[in-house]
1. Can you tell me how many residues within the stretch 135-166 are surrounded by fewer than 19 Cβ atoms within 10 Å (Cβ to Cβ), among the polar types (S, T, N, Q) and either touching a residue at least 60 places away in the same chain (Cβ under 8 Å) or more than 30 Å from Ala303 (Cβ to Cβ) (or both)?
2. Would you check which residues across the stretch 306-341 are over 15 Å from Ala119 (Cβ atoms), in contact (Cβ under 8 Å) with a residue 24 or more places away in the chain and crowded, with 17+ Cβ neighbours inside 10 Å and list them?
3. Quick check on my filter: what residues within the stretch 13-31 are in contact with a strand residue (DSSP E or B) (Cβ under 8 Å, 6 or more places away or on another chain) and either buried (at least 19 other Cβ atoms within 10 Å of the Cβ) or under 14 Å from Leu105 (Cα atoms) (or both)?
4. Which one is nearest to Thr103 (Cα to Cα), of the residues in the stretch 1-48 that are among the β-branched types (Val, Ile, Thr) and out of contact with any Pro (no Cβ under 6 Å at 6 or more places or on another chain)?
5. At least 1 residues that are closer than 19 Å to Pro130 by Cα in each: list the helices (runs of 4 or more DSSP H) lying fully within the stretch 282-364 that qualify.
6. Scan the stretch 342-355 residue by residue and report those that are out of contact with any Leu (no Cβ under 9 Å at 6 or more places or on another chain) and either in contact (Cβ under 8 Å) with a residue 60 or more places away in the chain or farther than 19 Å from Gly6 by Cα (or both).
7. Taking the stretch 247-281, which residues are charged (D, E, K, R) and not in a helix (DSSP H, G or I)?
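The values are calculated or read from the model by the stated rules, or taken from the named source; none is laboratory data. Predicted, not measured: the structure shown is a model, and the values here were computed from it. Don't worry about glycine lacking a Cβ; one is built from the backbone with ideal geometry, like all the others, and counts go over all protein chains shown. The protein model used for the area step is the full one, side chains on, heavy atoms only, and it has no ligands, DNA or RNA in it. Shrake-Rupley method; radii C 1.70, N 1.55, O 1.52, S 1.80 Å.
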Amino acid sequence: MKKVNGHEIIQLFERFSPKGLAMEGDKIGLQIGRLNKKIDTVMIALDVLEEVIDEAIERNVQLIIAHHPPIFRPLKNVLTDTVQGRMIEKLLKHDIAVYAAHTNLDVAKGGVNDLLAEALGLENSEVLVPTYETKLKKLVVFTPISHAKEIRKVLGDIGAGFIGNYSHCSFSTDGTGRFLPGENTNPHIGQQGQLEEVDEVRIETIVPESLLKRAITAMIKVHPYEEVAYDVYPVENNGEVLGLGRIGKVKEMTLAEFAERVKEALEVDKVRVVGDLSSRVKKVAVLGGDGNKYFMSAKFKGADVYVTGDIYYHTAHDAMMQGLNMIDPGHNVEKVMKKGLTSILSKMCKESGYEVEIFPSEVNTDPFQFV
């Protein structure tokens, strides 16, 4: 296993949740501290409160990856006799870096909204509010027949060749490659100064633009040639659509019954419900955090109920007039990201051979309680 630094951890994390997925103006990325240091322990947190920082200090954490940015509005000063100033002081004194992944983690495939949809048992879920469409490229590489299978596998494992629910898609054509090795070459096949002809395979596959550099690097690493011949073409195919929220189907039940499911699945004692408790629920929309402005998206896509946090009084009235039921389990249910991201990032680090401990914060950061 390999010891790692903060940059390596974040580079790995951003493969899963790229910054480019974030909504415009969102405060994401490294907010406090530094990444150019050894990382032994990473804590995943929903919020960065003083209790969370104390937990990180006690457990000798070097990096916190949080969903809610601790610095959301510009700071005019850092006064250490205030709570926020004291928090920043503690983090700096104990050399704990804080990295925020907010709406990019909401949008990411497998991120907050997919975790919520999975917890609620949504089937055949799809994006509720599209915000991002993956740009695609076509990668073409020429290789001896002996290495074609390995190159196809490497490209597919990186994430090239995804078409719908099919992976490792590619097309191959046999042909003849010709080259003349010059001085200061060390050809895998042939000799300097002699024209060589080789039975080769042309492999072509679709690659998300965000993965193109990684795909080329991985391909070159296993390619036998000293100089690899490959082409990259722009394509107009529609890429994968990502966005906020999810919508899918559940086994039919009453709104009251589904509210009980929400409480159990998201581990909350109470929920606020808008609508007739005896109405039937088959299609469910969910959006983590404050989803007030997207309730009409849920209505337009045929949702029977919309699950989101921080529902406003007038939004509830508007939804009632539209015939849309709503359930508000609170903003804090985004805590599903703590265990979910811990599992995802731990798996990625293990596959990369990184020696690092990753665990979820155990501090309850929900500011509300029912009395």
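1. Total satisfying the criteria: 1.
2. Within the stretch 306-341, Ile311, Ala316, Ala319, Leu324, Asn325, Met326, Asp328, His331 qualify.
3. Phe13, Lys19, Gly20, Leu21, Met23, Lys27, Ile28, Gly29, Gln31
4. Here the answer is Ile28.
5. Details: elements: 295-300, 313-322, 336-351.
Answer list for the stretch 282-364: 295-300.
6. Listed by number, the residues that qualify are Thr342, Ile344, Gly353, Glu355.
7. Filtering the stretch 247-281 down to residues charged (D, E, K, R) leaves 249, 251-252, 257, 260-261, 263-264, 267, 269-270, 272, 276, 280.
Within the stretch 247-281, Lys249, Lys251, Glu252, Glu267, Asp269, Lys270, Arg272, Asp276, Arg280 qualify.
Let's see how each residue does on (1) over 20 Å from the mean Cα position of the chain (by Cα); (2) more than 21 Å from Pro69 (Cβ to Cβ); (3) touching a residue at least 40 places away in the same chain (Cβ under 8 Å); (4) open to solvent by less than 40 Å² (accessible area, probe 1.4 Å):
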| position | (1), (2), (3), (4) |
| --- | --- |
| Gly85 | yes, no, no, yes |
| Ile88 | yes, no, yes, yes |
| Gly110 | no, no, yes, yes |
| Leu122 | no, yes, yes, yes |
